[in-house]
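Single-structure report; data block below.
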Amino acid sequence: MLELKQTWTSTGSSGGLTAVEAPFGVSYTALFCQASTLASTQSFALQTAQRSTGPWFTEGSTSIAATANVSAQAVLRLTGPYLWVRPYLNSESTGTYTLTLVAVGE
């Protein structure tokens, strides 16, 4: 079994983060998002494409609730296959976000 692990950090700007190539056929994916103190609810998505330049397709999305004075974490679990992948923050928000992708395949 092969594993792809990638981490991104964002300061809350909306949009897609740097894309990474899946060097093997991805079967299962978990995208974790840990956020510092949030003033408003944020959501994030996993996007895939056939090329690093897109076009990009949203495979799934989930939200992170506003936490006032504590950190929060959410996970999005999806199945493959895909060639290129990136996390996407759906709106601009306060806080610092650490997104970690763990994908496995054969």
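The values are calculated or read from the model by the stated rules, or taken from the named source; none is laboratory data. From a predicted model like this one, the values you see are computed outputs, not experimental measurements. Glycine also receives a Cβ, built like all others from the backbone with ideal geometry; neighbour counts cover every protein chain displayed.
Just one of the listed residues (37, 79) is at pLDDT 90 or above and among the polar types (S, T, N, Q), namely 79. Scanning region 44-53 for residues that are within 16 Å of residue 83 (Cβ to Cβ) and in contact (Cβ under 8 Å) with a residue 12 or more places away in the chain gives 46, 47, 48, 49, 50, 51, 52. The residues in region 13-62 that are more than 18 Å from residue 91 (Cα to Cα), part of a strand (DSSP E or B) and among the hydroxyl-bearing types (Ser, Thr, Tyr) can be counted, and the count is 4.
Among the residues of region 72-90, some residue qualifies, meaning at least one is out of contact with any helix residue (DSSP H, G or I) (no Cβ under 7 Å at 6 or more places or on another chain), surrounded by fewer than 19 Cβ atoms within 10 Å (Cβ to Cβ), of a type in the set (Gly, Ala, Ser) and under 18 Å from residue 4 (Cα atoms).
Residue 41 - would you say it is more than 19 Å from residue 79 (Cα to Cα), in contact (Cβ under 8 Å) with a residue 24 or more places away in the chain and not basic (Lys, Arg)? Yes; evaluated as a whole, the condition is true for this residue.
Rundown of residues vs (1) of a type outside the set (Ser, Thr, Tyr); (2) within 13 Å of residue 29 (Cα to Cα); (3) in contact (Cβ under 8 Å) with a residue 60 or more places away in the chain, yes/no style:
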position: 55; (1), (2), (3): yes, no, no
position: 58; (1), (2), (3): no, no, no
position: 71; (1), (2), (3): no, no, no
position: 75; (1), (2), (3): yes, yes, no
position: 83; (1), (2), (3): yes, yes, yes
position: 90; (1), (2), (3): yes, no, yes
position: 100; (1), (2), (3): no, yes, yes
position: 105; (1), (2), (3): yes, yes, yes
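Being touching a Pro at 6+ places or on another chain (Cβ under 7 Å) and closer than 23 Å to residue 106 by Cα is true of residue 46.
Quick check on region 63-73. Is at least one of its residues at pLDDT 80 or above, within 11 Å of the chain's Cα centre (by Cα) and not in a loop (DSSP other than H, G, I, E, B)? Scanning region 63-73, I find no residue that is at pLDDT 80 or above, within 11 Å of the chain's Cα centre (by Cα) and not in a loop (DSSP other than H, G, I, E, B), so the answer is no.
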